[in-house]
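Report on one structure; see the data block that follows.
Each value in this text was obtained by applying a stated rule to the coordinates, not by laboratory testing. Because the structure is a prediction, the values reported are computed rather than measured.
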Amino acid sequence: MKPHEIANKIKSENPEKLEMISDKTITYLIRKTFQEISSIVQNTNEGVVKIQGLGNFNIKQVEINKDEEKIIVKRVFFKPFKPKK
């Protein structure tokens, strides 16, 4: 899904709250939010990055064999947020 598609969906579901904000501005905010989350995950070597309402990014350094040589790579696992019922 592209940022402008998300913006359109959000705006169509909440027209009264977002009528004063342009589609371009909403798309910009979504794009910048994604960039910030990506930057935080990329700059975290190990641990959990929790984004309230979105989920957890579990980040681990894992040793793998590549061409008979052991190397360390970063693995990122995402567990989405589950709303309480």
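For log10 I(q)/I(0) by the Debye sum over Cα atoms at q = 0.11, 0.13, 0.21, 0.25 Å⁻¹, which listed value, [x] -0.59, -0.65, -1.02, -1.17; [y] -0.47, -0.60, -1.03, -1.16; [z] -0.62, -0.71, -0.97, -1.09, comes from the coordinates shown? So the structure-derived entry is [y].
The angle between the Cα long axis of helix 3-13 and the longest principal axis of the Cα atoms of the chain comes to about 40 degrees, rounded to the nearest 10.
The C-alpha atoms of the chain define a longest principal axis, and helix 23-42 lies at about 20 degrees to it. Taking the chain as a Gaussian network of alpha-carbon nodes connected by springs under 10 Å, the highest mean-square fluctuation of the residues Gln52, Gln61, Gln35 belongs to Gln52. For Gly55, the residues 5 or more places off, or on other chains, whose built amide H falls under 5 Å of its own are Phe81.
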